[in-house]
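Visitor: Dumping the structure here so I can ask a few things about it.
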Amino acid sequence: MKTPNIGISAENRQAIADQLSKILADEFVLYSKTLNFHWNIEGPDFHSVHVYLEALYEEQQEVVDTVAEKIRMIGHYVPATLEKYSELTHLTEKTKGKNDSQSIFAELLEDHESIIIFIREEIKPIADKWHADGISDYITGLMEQHEKTAWMLRSHLK
């Protein structure tokens, strides 16, 4: 592949790709976990929660794809194995084993908030240190998407 000539040095593109790879791993683990919950939800609110979780995992699948595309756009290959995601993620795919909506929403909320914190810490370095304002803007939007989902999950827990 020809090296991108986009005004970001090779060293900075590598640093950005490394951080985006961590975000990708978190997003993929969250996708997998949400899908797991969708398949295994139980309880009197099964149908509505099952449908809600389907919407969440579909949104999450799109996020996974767009993060991977950002990595490719800056000239790097995407980590795409479960083993690599396990090394890079801040999350755990393990669940607490309860399949009721309140337990599921609490676990998903923790994961979304963890991703929010990590992304928030990366916004300024990506823009200021590595000179990639567009990618910084992209992950800001991603953080805001997680903030909205976290708010909705919190609302379910009231």
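Visitor: Using a cut-off of 10 Å between beta-carbons, work out the net charge of the residues near residue 113 (Lys and Arg +1, Asp and Glu -1, residue 113 not included). Walk me through the intermediate numbers first.
Guide: Numbers: positive: 154; negative: 110, 111, 147.
Local net charge: -2.
Visitor: Using the heavy atoms of the protein chains alone and a 1.4 angstrom probe, what is the accessible area of the stretch 10-156 per residue in square angstrom?
Guide: I get 52 Å² per residue for this part.
Visitor: Between residue 9 and residue 144, what length comes free when the chain is fully extended (0.36 nm per residue of separation minus the Cα-Cα distance, one decimal in nm)?
Guide: Numbers: separation 135, 0.36 × 135 = 48.60 nm, distance 2.78 nm.
Here the answer is 45.8 nm.
Visitor: How many Å³ per residue does the convex hull of the Cα positions in the stretch 10-156 occupy? Before the final figure, lay out the partial values.
Guide: Working: hull volume 13.6 nm³, N = 147.
Taking only Cα atoms, the stretch 10-156 has a hull volume of 93 Å³ per residue.
Visitor: Helix 133-156: angle to the longest alpha-carbon principal axis of the chain, degrees 0 to 90, nearest 10?
Guide: 10
Visitor: Under the definition of Cα pairs under 8 Å and six or more residues apart, what whole-number percent is the relative contact order of the chain?
Guide: Once normalised by length, the contact order is 30 percent.
Visitor: Can I ask one more? If you add up the charges near residue 57, with Lys and Arg at +1 and Asp and Glu at -1, over every other residue whose beta carbon is less than 12 angstrom from its beta carbon, what do you get? Can you show the working numbers first?
Guide: Values: positive: 33; negative: 27, 54, 58, 59, 62.
Taking every other residue near residue 57 into account, the sum is -4.
Visitor: Provide, as a two-decimal number, the C-alpha radius of gyration of the stretch 1-48 over 2.2 N^0.38 Å, N being how many residues it has. Each step should come with its number before you reach the end.
Guide: Working: Rg = 18.8 Å, N = 48, 2.2 N^0.38 = 9.6 Å.
Dividing the Cα Rg of the stretch 1-48 by 2.2 N^0.38 Å gives 1.96.
Visitor: A further question follows. Pop out the carbon and sulfur fraction of the accessible area of the chain as a percent, whole number, probe 1.4 Å.
Guide: On the way: 4530 of 8690 Å².
Answer for the chain is 52 percent, counting heavy atoms of protein chains only.
The values are calculated or read from the model by the stated rules, or taken from the named source; none is laboratory data. Just so it is clear, the structure is predicted and the values come from calculations on it, not from any experiment. Heads up, the Cβs are rebuilt from the backbone with ideal geometry, glycines too, and the neighbour counts pull from every protein chain shown. Calculation scope for accessible area: heavy atoms of the full protein, side chains included, ligands and nucleic acids excluded. Shrake-Rupley method; radii C 1.70, N 1.55, O 1.52, S 1.80 Å.
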